[in-house]
Amino acid sequence: MSRPVRVVIGVLLLLVGALWTLQGLGYVGGSAMSGVTLWAVIGPIVAVAGLGLALSRPRPGPDPGSPPQDSNEPTTGRRPCRPDGTLEAMEAPRELAQVNVSIARAPLDDPTMRGFVSAFARTADLAERSPGHVWHLRPAPGEETVSRDGRLLVVNVSVWRDHASLHDFVYRSSHGQLLSRGRRWFHPSTQPSTALWWVEAGTRPTTGEGLDRLEHLRAHGPSPTAFSLRRQFDAEGKELPRSAQPVS
């Protein structure tokens, strides 16, 4: 509603309200409303509403020269624009996935593997309490090992916040004791036996994906697709200089 229209309507309501008030109070006769107390109450209400409408100012609208805004789009944290004005895709948060593969000397229910099974359960619990730990694959009973090419593989898959978190767990926790005793339970395996890769936050890699990543690393060497503990890449796919990598 434009300003002049608001003023006109407001003045009319003010006058009508004043008239009803005077009639209700009996100062103006000749009407069915004269002397009726109800109109002495309604009249001031209408008059005040009219005065407010006449004196009110319209809310400022958007600047005609400013671009339209999507009411559903937040005013902060906008995505950057390319030179042609199109929005750049927002990068999803990334987390570090790892797979480690060992060749068991016997099935896990064999007495010779009892020490490993016990130690592994404690180590898995430790991992879940470690800073930077995100997720750990816990196979269903009977699926703890994978048979491939006549070998019995123990496949460990987990997700971590970053390189440093994984490094601290592997080399600076009691996990290192498990590594030092590994020869009791495992055959020497082709190296590298660990592969790392970045995933979108919330991704839960499968055993099969972990094995595929490790095979890719062995066949093609370190790359953003799969890399090793010694040659690492950041979440953007850039190789980290040796000085920036955690020292084991």
* Asked: Under unit Cβ charges (Lys, Arg +1; Asp, Glu -1), what dipole magnitude, rounded to 20 debye, does the stretch 100-234 have relative to its Cα centre?
  -> 500
* Asked: So how much accessible area does Ser147 have, in Å² to the nearest 10, using a 1.4 Å probe?
  -> 100
* Subtract the Cα-Cα distance of Asp168 and Leu12 from 0.36 nm times their separation in residues, and report this length gain in nm to one decimal. => 48.2 nm
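The values are calculated or read from the model by the stated rules, or taken from the named source; none is laboratory data. Please read all numbers here as calculations on a predicted model, not as lab measurements. Every residue, glycine as well, gets a Cβ built from its backbone with ideal geometry; the counts of neighbours run over all protein chains shown. All accessible areas refer to the heavy atoms of the entire protein, side chains included, with ligands and DNA or RNA removed. Shrake-Rupley method; radii C 1.70, N 1.55, O 1.52, S 1.80 Å.
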